[in-house]
Amino acid sequence: MSAPTRAEQDAATEVIGYAWAINHALAEEMRRDDRVWMMGQDVGRMGGVFGVTRGLLDEFGSDRVRDTTINETFIVGGAAGAAMTGTIPVVELQFADFLLIAGDEIFHKLAKWRYVHGGNLTLPVVVRLPTGVLGGAGAEHSASLEAMAMHTPGLKVALPATPSDAKGLLKAAIRDPNPVLFFEHKGLYRTKGPVPVSDEHVVPFGQAAVRRTGDALTIVATGLMVGRSLEAAERLAADGIEAEVIDPRTLVPLDMDTIVASVERTARALVVHEAVRTAGAGAEIAAQIQERAFFSLDAPVWRLGAIDTPLPQDPELEQLCIPSAAEIEAAARELVRI
Amino acid sequence: MSAPTRAEQDAATEVIGYAWAINHALAEEMRRDDRVWMMGQDVGRMGGVFGVTRGLLDEFGSDRVRDTTINETFIVGGAAGAAMTGTIPVVELQFADFLLIAGDEIFHKLAKWRYVHGGNLTLPVVVRLPTGVLGGAGAEHSASLEAMAMHTPGLKVALPATPSDAKGLLKAAIRDPNPVLFFEHKGLYRTKGPVPVSDEHVVPFGQAAVRRTGDALTIVATGLMVGRSLEAAERLAADGIEAEVIDPRTLVPLDMDTIVASVERTARALVVHEAVRTAGAGAEIAAQIQERAFFSLDAPVWRLGAIDTPLPQDPELEQLCIPSAAEIEAAARELVRI
Amino acid sequence: MAEPALATDLYRLVALVRAVELRLQQHITEHGFGGFWHPGIGQEGVQVGAATALRPDDYLFYAHRGLGYAVAKGMELTAILGDLFGRVTGSTGGKGGGTAHFVDPSIGVLGQGGTLGSNFTLGAGAAISARMLGTDQVVAVFFGDGAAARGTFHEAALQASVWKLPVVWICENNGWALSAPITEQSPTENIADRAVAYGVPGVVVDGQDALAVHAATAEAIERARAGGGPTLIEAKTLRIRGHYEGDRQQYRTDLTDGVEIPRDPIDLLRRVVPADVADELDDRARAEVEEAFEATLAAPRADAGIVFEDVWA
Amino acid sequence: MAEPALATDLYRLVALVRAVELRLQQHITEHGFGGFWHPGIGQEGVQVGAATALRPDDYLFYAHRGLGYAVAKGMELTAILGDLFGRVTGSTGGKGGGTAHFVDPSIGVLGQGGTLGSNFTLGAGAAISARMLGTDQVVAVFFGDGAAARGTFHEAALQASVWKLPVVWICENNGWALSAPITEQSPTENIADRAVAYGVPGVVVDGQDALAVHAATAEAIERARAGGGPTLIEAKTLRIRGHYEGDRQQYRTDLTDGVEIPRDPIDLLRRVVPADVADELDDRARAEVEEAFEATLAAPRADAGIVFEDVWA
Ligand SMILES: Cc1ncc(C[n+]2csc(CCOP(=O)(O)OP(=O)(O)O)c2C)c(N)n1
Ligand SMILES: Cc1ncc(C[n+]2csc(CCOP(=O)(O)OP(=O)(O)O)c2C)c(N)n1
Ligand SMILES: [Mg+2]
Ligand SMILES: [Mg+2]
């Protein structure tokens, strides 16, 4: 039996979890380029509080997989300094909410220092951010903050919704010479799906994925909401309402062309995210849709997002604050009736 | 000659600068309620790097006007702790950009701790934030970050554009039992205008000001952009294009009713702010306008904001990054032609 | 030889906290738990010893390691358990659930930072209030050896020392910050050694000995109340179980069996508390806990509308 | 008695930096200035003494107080002035203007935090890189007595000490943080006293004495290079003028006339450098500065398009 060809290899996939896909991306990139290294709390000896970095300390050693103390400003600021001087840090903040603890380091240093210094510095840093609602982690451990990064020029922003994208986008992020905030949804870590085994499975930033085609309306959804939107779309299909579901995958850069082209066909758009609705990424997407496709629209662009409250600690109550598949379905039904 | 009646007193105004109006509000509120106190870097002995707090140390003493060291997390976190325990801190961060240094304290503590604790805690804190572009302060001293606060339920957000509002909104902020981020534009500190002398001049949050009436289009502008929009409106008027200019004054709460009512008459809307256009407050306002007034609109809602870059240090270059009166005028001319 | 009344009182509380810890452990093994529970079993000596040195009107910011702090400060078990189990009887009226954020301003229990290290600045701020309002209240801030690394400690400690604010910092050094051993977190042998940088007294005390912790804290509180400024107390203790209940602790080198408690604070107190008295307090503790558990599990959960409440004052 | 070649070299640089400081002062008085200039006059001894102890490939994060750090590390005057005056000849190609963010990675000049205290974490990160890439580069981090209060110092210092990173922290204690006197910022007499908390050597040195600063820094660098970990150096100096050029300093109690420099680093060096040599170096410095100024003011400003450049790599 002959060895598989490169093409066969690239085509080959395995069904693994989202967390494991991230783990593979990290291991493959660290094997490929020994300038790549990691730090964060409990990423080494423990393999991460969500188990994402398991095994990496054993393979790469404590120089390249560094357990830090509880020092978020150091984790990000240190990464910035290390990136400016020739290495490629991939750091983890234990919860995405903590990017506000390292706010100066993320929004002022990573985002601005190349520009401020006339292009003389390069900051290839990936900040891994376990994000979103899961199991009652509470108001300071559950927020979706990607809109803050989207509002800050100089930061790229990825929100993988599938295991395959988790691997492919992270590899793209690590290979990107720019700082990337990589939002991994805690609620997706255990979801399984086919992932290309190839260590050249790189998903380019700025290319939305059309998860489902349809002509009745366009649903633009990110992260956890991609699955809930597809669920809603299936229920709608039962009544002959075919929704197109688009997952931008990265917010910076943002593939508006794919979204606008879809809306020009469907004439209706619903933007859905887990983040607070007010001033969320959906506001930007909705504003751009009506700017670019105004005369194709038969109805206003609608948005669904978290209610205007912090997130309660309780695992059941927190779910009441973010869009459910049923709410997405209901909104879509109403929107197509306009 | 008899003493002025209360009504006469309330009606009386004096022409003073924006910075001085803020100073008056602080002094009046500290006289009215001795639970009100201040802290920040250089606010006492120096009277603030922008001279806003001059004289307050002498009048109120070093217990109520506290010079801190360089410790933004303490300034805001300390204010949160002091507010929870019966006093009303009005703290200053020397530049609005520094709210990202105290990100955890502002976005997680001030915004969430009442909710998280079931209403058992109250956090009447005002964070004064000198904001915006002025004289080449550079990328880490010039940003407009109000959209981040708008995206964070639990924080109120004010952006006074006139001396009168600077005084009236700050007094409302200090009397509000909720945390308020008070964005004072550095470029407006020296602008003069009539300010009611009454120490009951309180401008309620959530009431937009119609700065100019018109029927050709509605311009929604905040902070420094209010003046530039009025300038543009005058030039447009020369050609018979009458723009209505609305200043929301507070983003949280946001007076959409006034904006929507205006757009329903003008059928066109242009939203202008100094903050980065992408995912700025303008995206939310534009999204809401088309949600609520879609069938009244003759053209898409347009937005003007800073370009997608950090701000350069150079005093001339930085101006190229934010909307000018000429750009607002040009956008308006194009918009009314659609 | 310690004042017997005090020893008995500390024993009563340590036994009560221990009983809750064990009961929670049992509940979680049998029924699981919504959210995370960070067991404080074995650390009751620090929490009770220190919190009981406070006056009812003194302020307390607790840490996430158990619930001894709040119990010792005087909160009702049902209020605490209500938060842990997301019941309306909880101090947050049902907003709690899992990792608790119980609160009771009437006795100065003001919360804990979900983000570790927030307590430092919040605590210093509460101390400013006390001074401004002319009271002589003191603020106790609990934190772990891991949280001690946060920059907020540095910023709050420098300012609190310069202003001589009435704060007492109590570090529960249990040897671990999740998977990180203290040796990787601290370049010095003691966290208390850091007091020098802030010009405040640094005290190392045996965290298993509730009476010793109480004495050290009482002294620091007295100094703070008198205007002498902050004190940094480090209580040496040990994390007996996983970081959270269920943590398999594969990272752990000094693995305890999770049951046996070296130099158990209960045993140390029993040296001074008569056996019959202690036995009776144990029984009462178990009974109290059973009652509180039943009441809590029988209590209703908050209805959905609560998620919209209490954003604004 | 110091090695004469070194003393002469330090004198050359101190004289050069002094000449730029005076020339800038004159320019600002005559023509004003876009943005803020934080004069470092009088502090050249610290900046030159320390920076000259670094190897060309060592890294440097400077503070905002003047430009002696960068000059001493080897940056061209025209590159620095180009940034100050917003000319294409500046190291940032015209993006600068006012408070400078000059940079030259080829000789390890990596910038300064617009937000004070960023240097601490950035510097520690550069030190990690050096170790990972197997070089023996050392990182020097300059900061003021005020910036020392930032929590980033605590977080970076603890981690750098535990990991024995090759970092040297150089605190320019000039007695003031804008309007705040050191007595209100530090509960201890010396900032260097804080080294104890981090288990690293703390050194106090006379900042007016360039040779003493050089020696102390050289020793710390050697230790860091050899794997001995960080050192905290505090150089005592004095802010001669306002926080920024134009600051009226009404808050100031120890007001200097802004001209006379107590224990001027120039005078101290002249004790070991022959007068004729020093005089000639002064002349050369003035000439060099004049030339650089003319070249800079004659250089074009960047065209508008630059604002769109260099956001992305
Ligand atoms: C700022 C911040 N970083 C990280 C975490 C996640 N976290 C929660 S507990 C913990 C370990 C805390 O160790 P320590 O302070 O020693 O307390 P212990 O758990 O040992 O009682 C970590 C890292 C957090 N909650 N906040
Ligand atoms: C985080 C932060 N807070 C405040 C400022 C504003 N600021 C600039 S310089 C300065 C004083 C700095 O004092 P010090 O560190 O002693 O340096 P010096 O000016 O005395 O050289 C302040 C408060 C800032 N740039 N960054
Ligand atoms: Mg611990
Ligand atoms: Mg200073």
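Per-residue mean of foreign Cβ neighbours for D:227-234 is 0 (Cβ atoms of other chains, 10 Å radius). With a ≥ b ≥ c taken as the square roots of the eigenvalues of the C-alpha gyration tensor of chain B, please select rounded if a/c is under 1.5 and otherwise prolate if a/b is larger than b/c or oblate if it is not? Cα axes put chain B in the prolate bin. When +1 charges are put on Lys and Arg Cβ atoms and -1 charges on Asp and Glu Cβ atoms, the dipole computed for the stretch C:10-107 relative to its Cα centre reaches about 60 debye. Position A:Glu264: other-copy label points at 3.3 nm, ordered by increasing distance, label point 7 Å along Cα→C-beta.
In the stretch C:217-313, which GluC sites (Glu not before Pro) fall in coil by DSSP and have 12 or fewer other Cβ atoms within 10 Å? List each step's numbers first, then the result.
Values: sites: C:Glu219, C:Glu222, C:Glu234, C:Glu245, C:Glu260, C:Glu280, C:Glu288, C:Glu290, C:Glu291, C:Glu294, C:Glu309; in loops: C:Glu245, C:Glu260, C:Glu309.
Loop-located and lightly packed - C:Glu260.
Comparing D:Ala298, D:Ala177, D:Ala19 in a Gaussian network model of chain D where C-alpha atoms under 10 Å apart are linked, the largest mean-square fluctuation is found at D:Ala298. Among chain C residues, the one whose Cβ is nearest the axis of the rotation from C to D, given with its distance rounded to whole Å, is C:Gly151, 1. Adding -39500 (n - 2.57) for every DSSP H run of four residues or longer, then dividing by how many residues the protein assembly as shown holds, sets the calculated 222 nm ellipticity at -12000 deg cm²/dmol.
Roughly how crowded by other chains is peptide B:147-160, in terms of the mean Cβ count from those chains within 10 Å of each of its Cβ atoms?
On the way: counts 8, 9, 1, 6, 16, 9, 12, 7, 0, 1, 1, 0, 0, 0.
Averaged over the peptide's residues, the number is 5.
Counting only alpha carbon atoms, the long axis of helix B:281-293 and the longest principal axis of chain B meet at about 50°.
Comparing Cα centroids, the stretch B:108-184 and the stretch B:233-267 end up 24 angstrom apart.
Which of rounded, prolate, oblate describes the stretch A:102-158, given a ≥ b ≥ c as roots of the alpha-carbon gyration tensor eigenvalues and a/c under 1.5 marking rounded, otherwise prolate only if a/b is larger than b/c? Verdict is prolate for the stretch A:102-158.
Given 10 °C and 1.306 mPa s, compute D for the stretch A:296-338 with the Stokes-Einstein relation, Rh being the Kirkwood radius over Cα pairs; round to the nearest whole µm²/s.
Numbers: Rh = 12.0 Å.
D, rounded to a whole number, is 132 µm²/s.
Three principal axis extents of chain C based on alpha-carbon atoms, in descending order, are 50, 50, 42 Å. Which residue, C:Ala212, C:Ala192, C:Ala149, tops the fluctuation ranking in a GNM of chain C built on C-alpha contacts under 10 Å? Highest fluctuation among the options: C:Ala149. The listed peptides C:194-206, A:136-148, ordered by packing as a protection proxy, come out as A:136-148, C:194-206 (highest mean of other Cβ atoms within 10 Å first). A point 7 Å from Cα along Cα→Cβ stands in for B:Ala27, and the other copies hold the same point at 7.0 nm, listed in rising order. Comparing A:Pro163, A:Pro310, A:Pro130 in a Gaussian network model of chain A where C-alpha atoms under 10 Å apart are linked, the largest mean-square fluctuation is found at A:Pro310.
Remark: mean inter-chain Cβ contacts per residue of D:126-135 equal 6, using a 10 Å Cβ-Cβ cutoff to other protein chain atoms.
Enumerate by residue number the GluC sites (Glu not before Pro) in the stretch D:112-192 meeting two conditions: DSSP loop (anything except H, G, I, E, B), and at most 15 other Cβ atoms within 10 Å of the site's Cβ. The qualifying sites are D:Glu189. Could you bin all the Cα-Cα distances of the protein assembly as shown into 20 Å bins starting at 0 and give me the percent of pairs in each, rounded to whole numbers? Calculated over all Cα pairs of the protein assembly as shown, the distribution is 11, 40, 37, 11, 1, 0 percent.
Plainly put, the tip 7 Å out from Cα toward Cβ on C:Val88 is 7.4 nm from that tip on each other copy, the closest given first. The Rg/Rh ratio of the stretch B:54-139, with Rg taken over Cα atoms and Rh as the Kirkwood radius over Cα pairs, comes to 1.01.
Each Cα pair under 8 Å and six or more residues apart adds its separation to the average, and for chain C the resulting relative contact order is 25 percent. With a simple spin-label model that places each label point 7 Å from the Cα along the Cα-to-Cβ direction, the separation between C:Thr135 and A:Thr5 comes to 7.9 nm.
Rg/Rh, computed from the Cα trace of the stretch D:1-44 with Rh as the Kirkwood radius, has the value 1.16.
When only Cα pairs below 8 angstrom with a gap of at least 6 residues are kept, the stretch A:82-199 shows a relative contact order of 30 percent.
Mind putting a number on the dipole of the protein assembly as shown about its Cα centre? Charges go on the C-beta only, +1 for Lys and Arg and -1 for Asp and Glu, and I need it in Debye to the nearest 20. Intermediate results must be reported in sequence, preceding the final value.
Numbers: 112 positive and 172 negative charges, 101 e Å.
Using only the charged Cβ atoms, the result is roughly 480 debye.
Using a cutoff of 8 angstrom between alpha carbon atoms and counting only pairs six or more residues apart, the relative contact order for the stretch B:273-338 works out to 37 percent.
Read-outs throughout are calculated quantities, based only on the coordinates presented, and are distinct from any laboratory measurement. Model, not experiment: these values are computed from the prediction. Positions of Cβ are backbone-derived with ideal geometry, glycine not excepted, and every protein chain shown enters the neighbour counts.
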